[in-house]
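Engineer: Take a look at the following structure, please.
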2 protein chains.
Amino acid sequence: MSSRETAASVCVVGSMALDSIETPEGSATDVLGGASTYFSVAASFFAPVNLVGVVGSDFPEHERRFLDSCGINLDGLTEAEGGTFRWHGRYHENMNIRDTVDLQLNVFEQFQPTLPESYRASEFVFLANIQPSLQSDVLSQLESPLYVGADTMDHWITTAPEELRALLSRVDLVSINDSEVCQLAGEGNIVRAARKVLELGPSHLIVKRGEYGALLFSSNDVFAVPAFPLEVVTDPTGAGDTFAGGLFGSLAEAGEITRETLRRAIVYGSVVASFTVEAFGLDRLRALSRAELDERYRAFMALTDFHTY
Amino acid sequence: MSSRETAASVCVVGSMALDSIETPEGSATDVLGGASTYFSVAASFFAPVNLVGVVGSDFPEHERRFLDSCGINLDGLTEAEGGTFRWHGRYHENMNIRDTVDLQLNVFEQFQPTLPESYRASEFVFLANIQPSLQSDVLSQLESPLYVGADTMDHWITTAPEELRALLSRVDLVSINDSEVCQLAGEGNIVRAARKVLELGPSHLIVKRGEYGALLFSSNDVFAVPAFPLEVVTDPTGAGDTFAGGLFGSLAEAGEITRETLRRAIVYGSVVASFTVEAFGLDRLRALSRAELDERYRAFMALTDFHTY
C-alpha cells in the first residue's frame, strides 16, 4: 500500500473563502471555505497537496496553520491587500436548494494563478471552478501532468462557452452536476448528454448527483455509485469539492489511472463528502482520521454489495 | 438454479386498467395497464403468478390471452358489468412529473378482492396500491404467507392513516417512493424516516427513487442500488410496479428470504423496470426474454462493481 508520504502530489487551483452559512440545522459565520480549500483538505488524507489560491490580509493565521498541519504545501498561496473572498449562503428545508445571500469577491476578483516552480511537475491536477481561460492558463504552466480534472458551473457554460470548450479539449476529467451536464450538451437525457460531453475531449466525465450519488462515464464504460445514506446532514457546503479532493487524492495515492483505481477513487470521494456534510464547513474533516475513512469505505462496500455472493 | 416451473407462486392484488399515455417521446391509447397487470407480467419471468383483479366487459380478449400466455393464473380475474378502469396521464419534459388528465374508476370502484380457493396457500404476496382496508381483507384470506409486501400512496397516507397503520403492522415489506416515506414518517431525512416506518411493523422498507434507484432498509442493514442509466426513456408508466414484480418473482424463485436473495431480487426488480420504461406500456416486456434479463443483471453488476477487485 502506498502512503501519503510516497504518493504523487496533487495540485489544485481555485477559490479560498470565508463563508457564512445558514441551514435548517443551524448557522456558522466566517468559517474557512472555498473550493480549493475543501479540495485540499480532502485530498490531504491521501497525498501531498500543492495549493494555489489567494486570500486577503484578514485571513486567520490559525487557518493557515491548520492547512499547513494537513501537509498542504502553501507556497502557492498569495496574500493580497484587501479582504478574503466572502460568501453568505442560505439552504432551504430541502437542502438541495440554496440562495446566495451575499457575495464579496474581494481579492479573488483579481486572481491570476501563478504556479511556483516547485509545483510545475505536479502529476495530478485539479482546476476548481474559476473562469475557464484562467483554468487554461494554469494548464499551460504545468510540465507534463499525468491526469487533469476540471470543475465548472452553469455561469461559465452560459457566459464563456468558447473558453470552456477550449479548456475541455485539454483535460482528462470533467466533474459537474447533472443539470450542468445537460446544459453543456444541450440534451435532457443524462446518458446521451454524457456522450456529447466526452466528444468535447475529456476521457472521463463524472456526473455529481448530490444525495443520489455519482456516475462516471467513459467512452466504453459507466460506473454508478449511490451516496452514503446519512441520518444527519448539517451543511452540504463543500460536498462536491471534497468529493473531488478525495477522488484526486486517492488517484495520486494509487499513482496510475485504471478502471479499478478510478472506481476506488470515486468511492473514496463519496466517503469524504459523506463526512463533510455531517458538520458545518470543514469541522468534521478537521476531526477525521484516515482510519475512519477506510472504515466508511468498507461500509460503502457493504451498502452496495451484491457482487461477492 | 430454480426455474419458473418449480418456484413458489406469487399472488398479487391490485388494479387492472386501460391507459392512455402521453410522454415527450409520443403517445399510446387504451393500452394494457394497472399496477397488478404490470406486476404480474414482470413476476412471470421468474415464478408462477396468481392474479386478483377486476376488468369490465370491454377488456380485450387478446390481452387476457397475453396474460395467460405469460403463465399468469387468471382464476382470480373477475369480469364485471361496465367499463374497465381507465387512466389518462401526461408526462412533463422532466418525466419525473406527470399529470392525470382523466380517471374513470368504472368497475374498479366496487372492487372487493376475493381469493379463489387455489390462491389461499400462496407464499409470496404483493398488495398493490388500493384502499388499505381492502389490502388487509386480502391478507385475512391467506393461509400462512411466507412474505407479504404492500405498496401505498400519498392519498391513503392522508385519508386512511389508521387503516394504513393497521395494514403495515401485518406486512413484511413496504415499497413506496421517497416523498411518501417522509410523509408517512412525518420526517424529512430519509434514514430517520425509514427507521420510523420500520417501527410500524414491516421488517423491510424499499424506498423507490425513480431514475436514482432504490434503497432497502431493515433494522440493521441498508442496501443501495442505482437505476440502470438509459439512453432512451419512452414511458415511465409501470416502472415501480414492474420493479416490485421482478423483486417478488425473484424472491419466489429463490424460495427464501435472506440478505442475499433480497439484494439479488432488488437488482432483478431494477433490471425489469429498466426494460419497462424503454417502450410504451407493456410493449418492451411483451418482447423480453429471461436471457435478456440475465444479461442486463450482469451489466448491472459491471455498472456497480468495485467489490471484486
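Read-outs: derived from the displayed coordinates by stated rules, not from any lab. The structure presented is a predicted model; accordingly, all values stated were derived computationally and were not measured. A quick note on method: Cβ atoms are made from the backbone with ideal geometry, for glycine too, and the neighbour counts reach across all protein chains shown.
Engineer: What are the label-to-label distances in nm, one decimal and shortest first, from A:Asp294 to the same spot in the other copies, with labels 7 Å along Cα to Cβ?
Structural biologist: Label-point separations across copies, in nm and ascending: 4.0.
Engineer: Restricting to bridges with both residues inside the range A:114-224, how much of the DSSP beta-bridge set is antiparallel, in percent to the nearest 5?
Structural biologist: 40 percent
Engineer: Still on this structure, please answer the following. To the nearest 20 debye, what is the magnitude of the charge dipole of the protein assembly as shown about its Cα centre, counting +1 on the Cβ of each Lys and Arg and -1 on the Cβ of each Asp and Glu?
Structural biologist: 1020 debye
Engineer: Pick from B:Val101, B:Val138, B:Val12: which is most flexible by mean-square fluctuation in a GNM of chain B where alpha carbon atoms under 10 Å apart are linked?
Structural biologist: Looking only at B:Val101, B:Val138, B:Val12, the largest GNM fluctuation is found for B:Val101.
Engineer: Report for the range A:69-172 the percent antiparallel among DSSP-assigned beta bridges with both residues inside it, nearest 5.
Structural biologist: 60 percent
Engineer: Output the relative contact order of chain A, whole-number percent, from Cα pairs under 8 angstrom with separation of 6+ residues.
Structural biologist: Once normalised by length, the contact order is 18 percent.
Engineer: Right, something else. Can you list the copy-to-copy distances for B:Glu93, using a point 7 angstrom from Cα toward Cβ, in nanometres, shortest first?
Structural biologist: 2.8
Engineer: Along Cα→Cβ at 7 Å, what distances in nm separate the A:Glu79 label point from those on the other copies, shortest first?
Structural biologist: Those separations, rounded to one decimal, come out as 8.8 nm.
Engineer: Could you calculate the FRET efficiency of A:Thr261 with A:Leu142 from 1/(1 + (r/R0)^6), where r is the beta carbon distance between them and R0 is 25 Å, rounded to 0.05?
Structural biologist: With a Förster radius of 25 Å, E is 0.75.
Engineer: Rounded to a whole number of µm²/s, how large is the Stokes-Einstein D of the range B:197-272 at 25 °C and 0.890 mPa s, given Rh as the Kirkwood radius over C-alpha pairs?
Structural biologist: So the translational diffusion coefficient is about 190 µm²/s.
Engineer: Between A:Ser219 and A:Glu117, what length comes free when the chain is fully extended (0.36 nm per residue of separation minus the Cα-Cα distance, one decimal in nm)?
Structural biologist: 33.2 nm
Engineer: Listed highest first by mean packing, meaning other Cβ atoms within 10 Å per residue, what order do A:227-234, A:254-261, B:279-286 come in?
Structural biologist: So the peptides A:227-234, A:254-261, B:279-286, ranked by packing, come out B:279-286, A:227-234, A:254-261.
Engineer: Given the -39500 (n - 2.57) contribution per DSSP H run of 4+ residues, what per-residue ellipticity at 222 nm results for the protein assembly as shown, rounded to the nearest 500 deg cm²/dmol?
Structural biologist: About -10500 deg cm²/dmol.
Engineer: Right, next: How would B:Ile176, B:Ile266 line up from fewest to most surrounding beta-carbon atoms within 10 angstrom?
Structural biologist: B:Ile176, B:Ile266
Engineer: What percent of all Cα-Cα pairs in the protein assembly as shown falls in each 20 Å bin, counting up from 0?
Structural biologist: Percent of Cα pairs in each bin: 19, 47, 26, 7, 0.
Engineer: Along Cα→Cβ, 7 Å out, is where each label goes; now give me the distance between the ones at A:Glu199 and A:Ser169 in nm to one decimal.
Structural biologist: It works out to 1.5 nm between the two label points.
Engineer: Once both labels are modelled 7 Å past Cα along the beta-carbon direction, what's the B:Asp102-A:Gln183 spacing in nm?
Structural biologist: It is 4.0 nm.
Engineer: For the range B:118-257, with only Lys/Arg (+1) and Asp/Glu (-1) charged at the beta-carbon, what is the dipole magnitude about the Cα centre, in debye rounded to 20?
Structural biologist: 320 debye
Engineer: Also: Relative contact order, percent, of the range A:169-309 when contacts are C-alpha pairs under 8 Å separated by at least 6 residues?
Structural biologist: 17 percent
Engineer: Where does each of B:Thr158, B:Thr23 land when they are ranked from fewest to most other beta-carbon atoms within 10 angstrom?
Structural biologist: B:Thr158, B:Thr23
Engineer: How big is the dipole moment of the range A:190-300 about its Cα centre under a simple scheme where the beta carbon of each Lys and Arg is +1, that of each Asp and Glu is -1, and everything else is neutral? Debye, nearest 20, please.
Structural biologist: Roughly 380 debye for the range A:190-300.
Engineer: Taking neighbour Cβ counts within 10 Å as the exposure measure, how do A:Met95, B:Met153 sort from fewest upward?
Structural biologist: B:Met153, A:Met95
Engineer: Related question: Suppose we keep just the alpha-carbon trace of the range B:254-309; what are its Rg and Dmax in angstrom?
Structural biologist: So, for the range B:254-309, Rg and Dmax equal 12.8, 39 Å respectively.
Engineer: Beyond 33 Å, how much of the Cα-Cα pair distribution for chain B remains, as a whole percent?
Structural biologist: The proportion of pairs with Cα distances above 33 Å equals 17 percent.
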